[in-house]
Amino acid sequence: MYRFLFSSKWLGYLLLAAVFAAACLFLGRWQMDRRAETLAEINRVVTNYSATPVAFDEIRDQFSTLDVDREWTQVAVQGTYDVDGQRIIRNRPLNGQPGYEVVVPFTLSTGETIIIDRGWLPIGNNNPGRPDTIPAPPGGEVSAVVRLKHGEPTLDRGAPDGQLASIDLPTYQQELGYPVMTGAYGQLAAESPRPADTPVGFPMPATEEGTHLSYSLQWFAFGVLMFVAFGYAARQQARNAAIDAADAAEDAALEESGGTVLARAPQYAAVGAQRRPSPARKRRGPTAEEEEDAILDAQGY
């Protein structure tokens, strides 16, 4: 009954279903991987973002090579800002508004220098390509709390003087001309003394999981439904073949008994619809009335 499944056409359909299902499986697993990354990031934010700041001496190595699990850790530092080394980072949107970020070298009391991102500034109206004003960091000895962040990759695009395309710490170090810890930088959380005018502080990262789980389940469902559709089509084909076989057997029986088999009406109206056999006009022989009419015709009546 299902021998047609071994035909080249139906094997091709099966291969197409398998390829489609494999693509859905890949996309579903990709969404699950993205969900796992999102959950890991949420866990880091929840664990580290508002935790008690640790002293720089306890976490010095993280500024050389930042462990991903220590991202967003709060660190208490003391030192002075190098205003001459200040730069602004281009193309930094915040809440849908384009702008910049301000980064400044911070020389610690231990003699080491880290980079601190002090916050965000909107695009200026007076000078295209620059903020109208850049709030100066506090002078003298400063106590600050920063959150650890990984440095950013190099971007293959230039930037005007006093600006950087990304927080690429090795490139920044080359511009400064003196050693800087390039394994991580600090995103400013608080500083004392606090100046009257400061850049806009950074909002807490989102901790919503998003739609990755629902998307992955949808892709898995699509893959399963492809095989369901294949099975339904095969079942309909088998039922139609069974109807054809029954009709052929009935026609053969009529022919053997001397009956007349007339043309059949179309079996179904649309592709994929269930075949509904139309009744064929069949007669096994002339009726008594037809035989009587034939005799009268032969006698000339």
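Here is how the numbers come out for the structure above:
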read-out	value
The chain: calculated mean residue ellipticity at 222 nm from DSSP helix runs of at least 4, using -39500 (n - 2.57)	-12500 deg cm²/dmol
R0 of 25 Å, Cβ-Cβ distance residue 204-residue 141: FRET efficiency to nearest 0.05	0.30
Rounded FRET efficiency, nearest 0.05, which uses the C-beta distance separating residue 94 from residue 175 and R0 of 22 Å	0.35
Segments 65-78, 102-115, 146-159 sorted - mean Cβ within 10 Å per residue, highest first	102-115, 65-78, 146-159
³J(HN,Hα) computed for each position of the range 61-69 - Karplus, 6.51 cos²θ - 1.76 cosθ + 1.60, integer Hz, glycine/proline x	4, 5, 7, 9, 9, 7, 6, 4, 6
At 0.692 mPa s and 37 °C, Stokes D of the range 67-193 from Kirkwood alpha-carbon radius, µm² per second	219
Debye, to nearest 20: dipole size of the range 1-48, +1 on Lys, Arg Cβ, -1 on Asp, Glu Cβ	220
Inter-label distance for residue 194 and residue 214, nm, one decimal - labels placed 7 Å from Cα along Cα-to-Cβ	3.9
Stretchable slack from residue 163 to residue 86, in nm (0.36 nm times residue separation minus alpha-carbon distance)	26.8 nm
Among 116-125, 223-232, the order from most to least packed when residues are scored by Cβ within 10 Å on average	116-125, 223-232
Contour minus Cα-Cα distance for residue 14 and residue 43 (0.36 nm per residue)	6.1 nm
Dipole magnitude of the range 53-192 about its Cα centre (Cβ charges: Lys, Arg +1; Asp, Glu -1), debye to nearest 20	420
Alpha-carbon centroids, the range 77-106 and the range 129-160: separation in whole Å	2
Amide H partners (placed H, <5 Å) of residue 190, local residues excluded	145
Relative contact order of the range 107-253, pairs being alpha-carbon contacts under 8 Å that are 6 or more residues apart, as %	28
Kirkwood-based shape ratio for the chain, expressed as Rg/Rh from alpha carbons	1.49
Which of 86, 234, 104, positive extreme of dipole for the chain (C-beta unit charges)	234
Scaled radius of gyration (Cα, divided by 2.2 N^0.38 Å) that the range 185-258 gives	3.08
Viscosity 0.890 mPa s, 25 °C: Kirkwood-radius Stokes-Einstein D of the range 66-133 over Cα pairs, µm²/s	178
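Only the coordinates and a few stated rules stand behind these numbers; no lab work does. It should be emphasised that the depicted structure is a prediction, and the values quoted were computed from it without experimental measurement. Note that we place each Cβ from the backbone using ideal geometry, even for glycine, and neighbour counts take in every protein chain shown.
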